[in-house]
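Take a look at the structure below.
The values are calculated or read from the model by the stated rules, or taken from the named source; none is laboratory data. Please read these numbers as outputs of a predicted model, since none were measured by experiment. All Cβ positions, even for glycine, are placed from backbone atoms using ideal geometry, and neighbour counts span all protein chains on display. To get the accessible areas, we keep the full protein, side chains included, count just its heavy atoms, and leave off ligands, DNA and RNA. Shrake-Rupley method; radii C 1.70, N 1.55, O 1.52, S 1.80 Å.
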Amino acid sequence: MIYTLCFYLFAIITVLSAFMVISSRNPVHSVLYLILAFFNSAGLFVLLGAEFIAMIMVIVYVGAVAVLFMFVVMMLDIDFSELRRGFQKYLLIGGLIGLVLLAELALVGMGWGLGGPVTTDPATAIPALGTVTNTAALGSLLYTRYIFLFQMAGMILLVAMIGAIVLTHRKRPGVKKQNINKQVMRRRHEAYEIVKVKPGQGLG
């Protein structure tokens, strides 16, 4: 009974938060509602026994994506009124796409209700591993069966990161950059200049 109540609580808050994300006028409020939706989605994954995915939702999406987006929105001077001017232009197309998605969700719900329960056992992410946790099972698979693919994915991400750094720090004319080595190696006479001003005279 407690699991059912928790499921409906997390699900209702997630749906309401997602609706507030797209309906809120303030972009900062939208990001806060998005963080709330991520937390409640993580709660749903915990109820399903997928605690690893729940932690990924909290650490990656809340800790990186949502917070980074909030800082970008708060730091950049974005004219959101200018962005909303074309909203009515695409209102008809957006409404049609929304109706199609709503019809698909209704068909899925009807098929799920008419098809009956898939199994009478409670939902679990790793039914064949017994007492092994979800995180331990994923780690065992990644570092044994899929170790080469995992390392390959890490190398691809490393190359992409190095490429992004090289493209960002390339030398461009007219751009002033800080030279740490030159600042550290400078002498006293290069840092300041003593000027003796005679009484009644200004700087030349």
From the option list Ser81, Ser41, single residue qualifying as modelled with pLDDT of 85 or more, part of a helix (DSSP H, G or I) and hydroxyl-bearing (Ser, Thr, Tyr) is Ser41
The helices (runs of 4 or more DSSP H) lying entirely within the stretch 132-204 that contain at least 2 residues which are surrounded by 10 or more Cβ atoms within 10 Å (Cβ to Cβ) and of a type outside the set (Phe, Trp, Tyr) are 134-142, 147-168
_Take Ile35 and tell me if it is open to solvent by 40 Å² or more (accessible area, probe 1.4 Å), at pLDDT 80 or above, assigned to a helix (DSSP H, G or I) and closer than 21 Å to Val15 by Cα._
no
Listed by first then second residue, the pairs whose first member lies in the stretch 34-47 and is over 23 Å from Ser24 (Cα atoms), whose partner is of a type in the set (Phe, Trp, Tyr), with beta carbons under 8 Å and at least 6 positions apart or on separate chains, are Gly43/Phe10; Leu44/Phe7; Leu44/Phe10; Leu47/Tyr3; Leu47/Phe7; Leu47/Phe10
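Do you know which of the residues in the stretch 85-100 that are of a type in the set (A, V, I, L, M) and at pLDDT 80 or above is most open to solvent (accessible area, probe 1.4 Å)?
Selected residue: Leu92.
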Residue hits (the stretch 1-32; assigned to a loop (DSSP other than H, G, I, E, B) and modelled with pLDDT of 80 or more) are Ser24
